[in-house]
Each structure stands twice: as C-alpha cells, then as structure tokens.
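For reference, the structure discussed in these notes is given below.
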Amino acid sequence: MTYLAKPKLHHPSLQPNQLGFTRRDYEGAISTLCAGCGHDSISAALIQACYQLDLPPHRIAKLSGIGCSSKTPTYFLGASHGFNSVHGRMPSVLTGANLANRDLIYLGVSGDGDSASIGLGQFAHLMRRGVNMTYIVENNGVYGLTKGQFSATSDRGSKSKKGAINADEAIDMAALALQLGATFVARSFSGDKTQLVPLIEAALSHQGTAFIDCISPCVAFNNHVGSTKSFDYVREHNEAVNFLDVITPRAEITTEYDEGAVQEVTQHDGSVLRLRKLAGDYDVNDRIAAMRFLAEHHAQGEIVTGLLFVDPEPEDLHVHIKTVPTPLKELNETALCPGSAALAKLNASLR
Amino acid sequence: MSPISATNDFVIKFANVNGSGSASANQLFGKSIIRMGVPVAPRNIFPSNIQGLPTWYEIRVSEAGYLGARAGVDFMVAMNPQTWTQDVASILPGGYLFYDSSKPMPKSKFREDINVIGVPLTEMCNREYTDARQRQLFKNIIYVGALSALLDIEVEVLETLIGEQFKGKDKLIQPNIHALHMGRDYALNNLKCPIGLRVRRANAVGDRISIEGNAAAGLGAVYGGATVCAWYPITPSTSLAEAFTKYCTKFRVDPETGENKFAIVQAEDELASIGMVIGAAWNGSRAFTATSGPGISLMQEFLGLAYFAEVPAVIFDVQRTGPSTGMPTRSQQCDVLSCAYASHGDTKHVLLFPEDPHECFTMGAQSFDLADRLQTPIFVLLDLDIGMNERLCAPLEWDDSRLYDRGKIMTYEALEAGKDFGRYLDVDGDGIPYRTYPGTHPKRGSFFTRGSSKDRYAKYTEEATAYKDNMDRLLRKFETAKGLVPRPIETKAKVATRIGALYYGSTSPAMREAAELLAADGMPIDIMRVRGFPFHQDVVDFINAHDEVFIVEQNRDAQLRTLVVNECSIDPARLVPVLHYDGTPITATFISEGIAMRLNPPVQQRLKEAVA
C-alpha cells in the first residue's frame with residue numbers, strides 16, 4: 001500500500017466519458033492491501049469498466065462481506081454507497097437491497113473464504129433466486145487476513161507457504177454457479193486486465209445474476225512454488241475459451257471477423273457481446289456443455305477462463321415475485337396502507 | 001358429589017387427535033358462545049406434529065371477561081382414546097365427561113365423582129355415512145350439536161355460523177346443519193338437557209373482535225408500510241409471515257397489472273432472513289422478519305451489525321419454550337434477554353411487549369416508525385399464547401391522516417444546498433444521526449456502511465476517542481428511545497396499597513384477574529404493565545412507590561427482572577419473582593397464590609422464620 005494520496009485535481013488530459021466523468025471519478029480511497037495484491041488489479045478493472053460503460057457512480061451500490069476482498073469496495077467508486085456487511089452474508093444483504101430498489105446497479109464483491117466457506121449457502125441461494133447483480137469472487141485460495149490458511153477453493157495437492165499440502169477437494173465456484181442457475185458465468189484472472197475489463201462490463205450490463213470467478217493471487221501468502229493460485233501457475237495453465245468485446249447499445253460495430261470465429265450475443269439491454277472463439281466450437285449459450293467443458297479441463301489441470309455461459313434473456317427475482325416497476329422504497333402511505341375503511345370491514349368479519 | 005352448576009363461567013376442553021378435522025368444529029363451538037354475547041378465551045394445545053398425536057382445544061367461558069387460562073376442567077369432551085386416562089383425571093370433582101359411547105367401556109375407566117355423558121357418535125356416523133372421511137368430519141359436528149343441547153346454546157346461532165363458514169360452498173351448508181341436528185336431537189331425546197353448566201345470552205362482548213396475534217401483527221406490518229418480508233418457517237411464528245402474505249395479496253396487488261407492492265422471500269435460513277431485512281432497510285424499504293427463539297440465536301451477529309451500523313429492522317419474535325429446540329408448540333416469555341442484549345460487544349435493543357392481538361397490530365405498525373426513527377432493530381415480542389390463539393380484543397383502528405415517520409433522512413435537496421452530512425454526526429443532540437438512501441445524489445451523501453469502527457463521517461478508524469465517541473452516542477440514542485417506546489400502564493388498586501406487581505405481554509389477562517382475586521382476599525395490589533424496553537422512568541417510580549414489588553413472568557430465570565435490576569440499578573431484593581415456566585399459559589390462581597404465599601406465609605413457614 002501507499003500513503004501518498006493522488007492529488008485532488010484531475011489532470012486536464014483525462015478524458016471524460018459521456019456523463020462527463022473521468023476515470024478518477026470512479027476511484028475510491030487509497031488501498032490498504034499489500035503492494036502487488038491481485039485484488040487491486042480487480043478494483044482497477046472495475047473502475048475502468050464503470051467508466052467505459054458511462055455508469056453514474058451514485059446509482060451503483062457495492063456490497064461485500066468480510067476479508068481482504070471485501071475490503072476493496074472502499075478502494076473504488078467513492079461516490080457510491082457501500083456496505084461491508086458480515087462474513088459470508090453479502091448475498092442476503094444484497095438481495096434485500098435489491099428488493100427495496102430495483103433501479104440501482106448492484107455489485108457484490110467477495111472472496112473465496114467469504115463465498116466458498118462460511119458463505120457457501122448464501123452464495124448458492126442467491127444464484128438460485130436470480131438476483132440482478134454482478135457477483136465477483138476475488139479468488140486467491142487462501143485466508144489472507146489471518147495469514148495463510150487454506151480456503152475451500154484451494155486445489156487438492158496445493159502447497160501452503162508453510163509447506164502443508166491441501167488434502168481437501170476444491171470447490172469450483174464457476175461450476176457451482178452454472179449448476180445453480182446463474183445466467184452469466186465467467187472466470188478470469190486479475191493478471192489479465194484485457195480479459196477482465198470486458199467481462200466486468202458484460203456482467204454489469206447483464207440483467208440477471210452475473211458471476212465472475214476471478215483468480216487473484218495473494219502475493220503475501222499464496223504466490224510461491226507449489227501453489228496452484230500463484231501468478232506463474234495461473235499464467236501457465238490458463239486456458240481461455242474466448243475473448244470478449246462488449247459493444248454498448250450506442251457504439252458502432254466496426255471490426256470485422258471471419259464467420260465462425262465469432263459468436264455474438266445480444267443482451268436484454270441492447271449491448272452486444274462479441275466473442276472471439278479461442279477454443280474450437282465453444283458455445284457460450286449452452287449451460288450443460290459449459291459444465292462438461294469445465295469438468296474435463298479441470299481434470300487435465302487447466303484453468304478455463306473467459307465467458308463460460310450467458311443467457312441473453314435472463315429472468316430476475318423481481319420477475320419471479322412480480323413486483324411493481326416502481327422501486328418498493330418509493331411507495332408511500334397511499335400505495336401501501338389499506339386505510340381505516342378496509343380495517344372496519346375486516347373487524348366486522350372477525351366478530 | 002353434586003354436579004358443578006355454573007352459567008357463563010366454566011372451562012370446557014376438547015381432547016382430539018390432530019389432523020382429524022376437529023379444529024374447525026371446536027372453533028365453531030367457541031364462536032357460537034361469543035355470538036351469544038359471552039366472552040370466551042380459546043387455546044390450542046398441540047404437539048409438534050402434523051397427524052396422529054393428541055391435541056386439545058380449551059375454551060374458557062367467562063361472562064366476567066377473564067381471558068387468561070384457568071386450571072381445572074369443568075367439562076371434558078374426550079374424543080381421544082390415547083389420552084383418556086389423563087383427560088378423565090383432569091376433570092374437576094362434580095365436572096362432566098362427554099365421550100363416544102359406541103363401544104362399551106369398563107367401569108374402571110370412569111370416576112365416581114364426575115358426571116358421565118355418553119353419545120354413540122361412531123355408531124351414528126356409521127349408520128348415516130358410508131365415506132370414511134365424512135364419518136370422521138361429521139362426527140365433530142355431531143358432538144357440537146349434542147353440546148348445544150347439553151349447554152343450552154342457541155341452535156340458530158350455530159346454523160348461522162355454519163352458513164357463514166361455508167359461504168360460497170353452499171352445498172356443504174345443509175349436510176353440516178343436518179349433522180348438527182343429529183347430535184342435538186340425540187341429546188334432547190336421550191339425555192337430561194341442559195346440564196348444570198349453561199350458556200345464557202348476555203351482552204358482554206361488545207364490539208370486540210377475535211383474531212390471532214400473529215395475524216394481527218402481520219396486518220400491522222401491512223398497515224405500517226412494510227414492503228419487504230424475509231423469513232424462514234419456524235413454529236410458532238410461521239403464521240405471521242403467512243398472514244402478511246395473505247393481507248398483502250388482498251390489499252397490495254395492483255388490480256390492473258397484477259403486480260405486487262411487496263416482496264416476500266422465504267429465505268434459506270434465519271441468517272439470510274435478517275440479512276435481507278437489513279439490506280432492504282439500508283436501501284430505504286420498511287422490512288421485517290418473523291421468527292422464534294432459535295432464529296434469534298442464529299441472527300445474533302447480524303443484529304450487532306444493525307445496532308452498530310445503525311440500520312433499521314423489525315423482528316417479530318413469537319416466543320416458544322427454550323432452550324434449544326425446547327417445546328416448539330408451547331409458550332414462554334424466554335427471549336427477553338437474548339433480544340435485549342443480542343450480539344457480541346456492548347449492545348442494547350428496543351423491545352415491545354404486546355399484550356394481545358390488538359397491540360400486536362398497533363405495536364406491529366408502530367415498530368416500523370420506531371425502527372426508522374431510531375435507525376436500529378426493533379423487537380416485537382409476542383409469544384405462542386397470543387400469537388397462535390384467537391383472542392377477544394378491541395377492534396383494530398387506523399387514523400387515515402397518519403403518515404409514516406421515516407426518521408432523519410438527508411434528501412437530495414438538503415445535500416444540493418450544501419448541508420454538512422456526517423452519517424454518524426449527532427446534529428440534534430438526541431444521538432440520532434442523519435442517513436442518506438443509496439442513489440440519492442450524484443456527488444454528495446454517499447458513505448460506507450460497516451460493522452467496524454468509524455468516525456462521525458463514516459470513515460474507518462481504530463482511533464480510541466472516535467470509537468468511544470460513537471459508543472457513547474449510541475447510549476444517548478438509547479436514552480432517546482425511552483421517550484418513544486410505549487409507556488407502561490399502571491392500574492391502581494381501589495384502595496391505597498404499598499404492594500405492587502410488574503408484568504408484561506401475554507400475562508396480562510391472568511394478572512388482572514389475579515389482582516381482583518387478591519383484592520377480594522384483602523390483599524389489594526397496584527399493577528404496572530411494562531410495554532417497552534428501554535424502561536420508562538415510570539417503572540422506577542412504581543418500584544420506589546411500593547414496599548414490596550412482585551415481577552410476574554413466564555420464564556425460569558426472571559429475565560425481565562434481570563433487565564430491570566441491571567438497567568434501572570434496582571436492589572434485586574426489592575423485586576420478588578413470580579415465575580411460571582412449564583410451557584402452559586400462566587393462570588390467575590398461580591399468580592394470586594404465589595403473591596399471597598409471600599404476603600401471608602403459611603403458619604409453618606412463619607414459625608420456621610421466627611425460629612431462625
């Protein structure tokens with residue numbers, strides 16, 4: 001971490017986006033994480049994605065649980081409301097927030113301890129319900145704040161900094177999200193910003209539950225030889241299935257690609273996800289094939305990254321429970337209170 | 001032993017098998033007495049089971065209006081062979097036993113000192129019906145018919161009620177009325193009618209209504225403007241969330257679009273329930289959960305977050321017998337302390353104690369104003385006795401000019417005007433800061449909500465003075481709450497007395513009756529009903545104004561007494577506990593005997609004390 005704050009004045013050459021905000025307007029407080037932490041790269045990617053998507057910062061709500069990853073919402077989007085809740089319970093708090101106001105953009109930031117161990121249940125049930133949000137797990141396979149214990153996403157056979165070998169099977173969060181009904185599932189790597197930024201943009205544009213499992217090496221406790229979540233190991237075993245360009249509804253499509261090499265998915269909000277295929281005939285709309293692909297490549301020791309699955313017409317929780325389009329928090333006495341006449345009738349029926 | 005003779009003042013108990021369809025027949029019976037202008041207090045006594053185990057329905061008939069439970073049974077409708085022995089044993093000497101006499105019973109199964117009334121119910125049903133389910137269901141209506149003759153209940157009232165019950169399913173009306181008359185005619189033709197126990201038309205019900213506390217609380221949440229309900233099924237609170245669902249479906253669905261002005265989520269557990277409530281309330285909705293003791297235990301961590309981060313939340317806790325799973329279908333007031341001091345660290349929470357369904361409604365609605373005003377969790381402590389039983393209470397009222405108090409909200413306009421916003425800044429000196437809803441203003445008013453320590457501007461800090469400053473402000477806020485929660489209500493004895501008793505919640509009707517019993521025995525007492533925590537100064541004044549103060553509770557450890565001693569710095573010796581905690585509802589005689597014993601110790605005890 002650094003103690004030197006950036007000057008408040010923006011450099012005149014900083015380009016404003018369509019809303020007149022520069023990239024600096026999407027930043028937060030100075031990070032207190034370790035120098036070189038993968039999580040800081042993800043924060044930077046989030047800033048970049050929100051800036052490029054022209055999102056009004058105050059219309060984003062960022063929520064997290066507890067842990068290194070859950071600290072990061074302080075370090076981006078300083079003009080957004082944030083909620084650092086309790087360990088493993090971001091999903092329920094975010095679900096409640098989403099029920100209250102369906103008009104905000106919801107970003108949940110969590111870690112592998114937060115979402116795969118203590119919060120696995122809440123993670124699963126949020127996916128099942130289809131809460132409209134972007135859920136990022138900053139996955140380093142280790143407990144950082146308590147100094148280096150294995151987490152539930154540590155691979156079997158991976159070595160800890162102190163030399164212990166993990167004997168427990170790893171939880172694959174992306175595979176779980178696919179099984180549980182998430183309508184957008186991706187995996188990426190904090191060390192690959194060119195892959196990560198468009199994935200975050202696509203996830204934020206997605207009108208359902210978008211899940212990104214982002215491998216994010218812990219430089220302090222899980223970046224040594226023998227770890228399967230180190231920068232070197234992930235770079236070596238990274239098997240990207242596609243490369244994504246996100247074309248917002250307003251942007252003009254300019255680049256041309258050979259037919260067959262590209263898959264285009266138009267999302268509900270009009271954004272186009274243009275996927276350059278890297279792995280043969282990978283079909284990003286086929287949930288079951290995605291699950292099979294993940295399992296096969298996992299068996300070969302490969303880390304599959306890219307956009308793994310997207311449902312272009314997702315249904316979210318509000319559709320399921322048929323709420324009115326007006327955010328519930330906006331409804332007043334007239335809309336909510338049946339009044340004394342209705343009560344008098346009810347009284348009469350109870351005599 | 002002469003038969004008990006009483007008019008409009010007796011206890012009748014139905015022993016049934018659960019799942020046999022007896023509940024609606026028993027309710028019909030109870031309601032017919034209310035329609036004759038005589039108050040009744042029905043109570044379900046049921047197992048944690050769906051079908052096959054014993055269940056009882058006890059009705060206290062009391063023209064005088066005593067709605068608390070009363071020990072002893074005057075009339076037993078013994079329909080369950082499994083519990084026959086204990087049911088027969090529970091009848092008071094001179095009382096009545098009503099049973100199905102289709103099969104002969106050995107004399108040893110009865111008692112000499114009770115009056116036995118046999119009606120061949122099974123035989124009558126088998127003769128009349130061929131369908132097995134019909135035989136079972138109509139048997140219940142047949143015994144209601146027989147009881148109407150024995151107890152002199154107006155048959156027209158029962159006929160009207162059957163008509164109301166099956167309105168819309170009209171073809172069921174006649175068969176039920178037929179079954180009713182089968183039983184009634186049998187009794188009139190074969191038994192001495194009426195017996196010593198009788199119902200006589202009176203005018204003692206007034207405009208009161210009968211409703212379960214859970215239903216009234218759910219309705220209170222509708223009127224109070226709750227839009228988000230997140231819950232996990234648990235006895236005895238489930239019917240509260242279900243009532244909210246029912247009333248929302250009735251009142252809050254847009255007639256044109258069919259869209260809902262509410263969101264109800266059955267969560268995966270109680271942790272998720274309270275998490276959703278906190279998330280929704282943080283984002284500006286009024287939100288609640290309904291649970292019972294085990295759920296409160298599970299919610300502890302989140303409750304500390306809501307206290308410390310100052311997020312509103314409403315928790316309806318319908319208390320049941322603990323600890324652990326305890327007796328899920330039995331009543332207690334045993335979560336007072338686990339709610340008052342929920343979570344780790346220094347915490348204190350606001351509690352409300354409704355006495356009946358009427359207050360479940362009013363306090364239910366009020367709790368949302370309090371939560372928003374105080375920006376903290378509010379606990380509404382019902383218990384199974386008022387939550388799951390229909391109780392006669394004052395009609396529900398609503399003032400249409402009433403506006404929701406959303407508390408201190410910093411608006412877009414205030415932020416735009418450049419007003420200083422510190423999320424944890426005590427601007428008004430009452431300990432309550434201002435908050436902003438997420439998404440209010442593009443440049444101002446955003447803040448970070450966290451369970452870790454922060455300064456007045458919501459910035460993370462581990463600085464000692466900032467932490468202490470915040471903790472002290474939370475105490476000031478709790479002090480403010482004293483003036484906002486419902487005040488205690490004192491009922492003075494007719495003559496001056498130096499003896500007092502404190503009580504709360506469902507103990508209310510038994511306590512009022514006990515005070516009358518004691519007064520009649522020459523021991524008048526002043527009573528004070530505590531309705532909220534933090535305690536009002538009135539509670540301290542009441543204790544100081546009496547030489548001997550009893551505190552009547554339905555738990556083993558005198559939890560409210562602990563709270564009073566602790567929070568009001570009262571000498572523990574000044575508060576004498578009277579505690580009922582076997583899972584059954586407290587009775588007036590239990591209280592009056594407990595108090596009388598202390599005021600007037602038996603001779604032996606007095607001798608012992610003199611020797612000592």
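The values are calculated or read from the model by the stated rules, or taken from the named source; none is laboratory data. This is a predicted model, so every value here is computed, not measured. Cβ placement follows ideal geometry from the backbone for every residue including glycine, while neighbour counts extend to all protein chains displayed.
Listing for the model above:
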item	result
Output for the stretch A:144-165, where each listed residue is part of a loop (DSSP other than H, G, I, E, B) and surrounded by fewer than 19 Cβ atoms within 10 Å (Cβ to Cβ)	A:Leu145, A:Thr146, A:Lys147, A:Gly148, A:Ala152, A:Arg156, A:Gly157, A:Lys161, A:Lys162, A:Gly163, A:Ala164
Long-range neighbours under 7 Å by Cβ, at least six apart or interchain, first residue assigned by TED's automatic domain parsing to the domain that holds B:Arg70 and more than 16 Å from B:Thr584 (Cβ to Cβ) within the stretch B:494-516, second surrounded by 23 or more Cβ atoms within 10 Å (Cβ to Cβ) and among the hydroxyl-bearing types (Ser, Thr, Tyr)	none
Test result for B:Met528, touching a Leu at 6+ places or on another chain (Cβ under 7 Å) and not in a loop (DSSP other than H, G, I, E, B)	yes
Filter pass, B:Tyr223 being under 26 Å from B:Ala6 (Cβ atoms) and either aromatic (Phe, Trp, Tyr) or surrounded by fewer than 24 Cβ atoms within 10 Å (Cβ to Cβ) (or both)	no
Which numbered condition B:Leu137 fails, given (1) surrounded by fewer than 17 Cβ atoms within 10 Å (Cβ to Cβ); (2) closer than 25 Å to B:Lys31 by Cβ; (3) out of contact with any Lys or Arg (no Cβ under 9 Å at 6 or more places or on another chain)	(1)
Verdict on B:Glu593 being surrounded by fewer than 17 Cβ atoms within 10 Å (Cβ to Cβ), modelled with pLDDT under 95 and out of contact with any Lys or Arg (no Cβ under 8 Å at 6 or more places or on another chain)	no
When residues of the stretch B:501-534 are limited to those that are within 24 Å of B:Val336 (Cα to Cα) and β-branched (Val, Ile, Thr), the one surrounded by the most Cβ atoms within 10 Å (Cβ to Cβ)	B:Thr507
Only one of A:Gly113, A:Gly148 that is more than 14 Å from chain B (Cβ to nearest Cβ), over 15 Å from A:Ile212 (Cβ atoms), touching a residue at least 40 places away in the same chain (Cβ under 8 Å) and in contact with a helix residue (DSSP H, G or I) (Cβ under 9 Å, 6 or more places away or on another chain)	A:Gly113
Any hit, the stretch A:285-299, residues being surrounded by fewer than 18 Cβ atoms within 10 Å (Cβ to Cβ), out of contact with any Cys (no Cβ under 9 Å at 6 or more places or on another chain) and within 14 Å of chain B (Cβ to nearest Cβ)	no
Unique residue being surrounded by fewer than 24 Cβ atoms within 10 Å (Cβ to Cβ) and either at negative phi or of a type in the set (Phe, Trp, Tyr) (or both) when the list is B:Glu355, B:Glu301	B:Glu301
Enumeration of residues in the stretch A:2-49 that are touching a helix residue (DSSP H, G or I) at 6+ places or on another chain (Cβ under 6 Å), surrounded by fewer than 16 Cβ atoms within 10 Å (Cβ to Cβ) and closer than 28 Å to A:Phe221 by Cα	A:Ala29
Single unsatisfied condition, B:Asp399 versus (1) out of contact with any strand residue (DSSP E or B) (no Cβ under 6 Å at 6 or more places or on another chain); (2) touching a residue at least 24 places away in the same chain (Cβ under 8 Å)	(2)
Some residue of the stretch B:339-347 being farther than 30 Å from B:Thr436 by Cβ and at pLDDT 95 or above	no
Within the stretch B:453-500, tally of residues that are surrounded by 20 or more Cβ atoms within 10 Å (Cβ to Cβ) and within 14 Å of chain A (Cβ to nearest Cβ)	2
Selection from the stretch A:122-145 of residues that are under 12 Å from the mean Cα position of the chain (by Cα) and of a type in the set (S, T, N, Q)	A:Asn132, A:Thr134, A:Asn139
Number of the condition not met by B:Pro42 [criteria: (1) under 26 Å from the mean Cα position of the chain (by Cα); (2) at pLDDT 95 or above; (3) away from chain A (no Cβ under 14 Å); (4) under 24 Å from B:Met327 (Cα atoms)]	(3)
Condition met for B:Lys246 (within 14 Å of chain A (Cβ to nearest Cβ), at pLDDT below 95 and on the phi < 0 side of the Ramachandran plot)	no
Scan of the stretch B:45-64 for residues that are modelled with pLDDT of 95 or more and either surrounded by 18 or more Cβ atoms within 10 Å (Cβ to Cβ) or touching a Lys or Arg at 6+ places or on another chain (Cβ under 9 Å) (or both), ordered by number	B:Trp56, B:Tyr57, B:Glu58, B:Ile59, B:Arg60, B:Val61, B:Ser62, B:Glu63
Enumeration of residues in the stretch B:406-432 that are acidic (Asp, Glu) and out of contact with any helix residue (DSSP H, G or I) (no Cβ under 6 Å at 6 or more places or on another chain)	B:Glu413, B:Glu416, B:Asp420, B:Asp428
Subset of the stretch B:422-452 that is within 12 Å of chain A (Cβ to nearest Cβ) and more than 16 Å from B:Met410 (Cα to Cα) - its residue that is surrounded by the fewest Cβ atoms within 10 Å (Cβ to Cβ)	B:Ser452
Single residue of the stretch A:79-107 satisfying the filter (in a loop (DSSP other than H, G, I, E, B) and facing chain B (nearest Cβ under 7 Å)) that is farthest from A:Gly38 (Cα to Cα)	A:Asn101
Residues being hydrophobic (A, V, I, L, M, F, W, C) and either within 22 Å of the chain's Cα centre (by Cα) or within 14 Å of another protein chain (Cβ to nearest Cβ) (or both) - total across the stretch B:176-222	10
Residue within the stretch A:37-58 that is assigned to a loop (DSSP other than H, G, I, E, B) and more than 14 Å from chain B (Cβ to nearest Cβ) present	yes
Which listed residue, of B:Thr257, B:Thr289, is within 11 Å of another protein chain (Cβ to nearest Cβ) and touching a residue at least 60 places away in the same chain (Cβ under 8 Å)	B:Thr289
Some residue of the stretch B:564-574 being among the β-branched types (Val, Ile, Thr), assigned to a helix (DSSP H, G or I), surrounded by fewer than 21 Cβ atoms within 10 Å (Cβ to Cβ) and assigned by TED's automatic domain parsing to the domain that holds B:Gly500	yes
Residue list for the stretch A:323-343, filter: exposed (fewer than 14 other Cβ atoms within 10 Å of the Cβ) and either more than 16 Å from B:Pro255 (Cα to Cα) or at the interface with chain B (Cβ under 7 Å from one of its Cβ atoms) (or both)	A:Asn332, A:Ala341
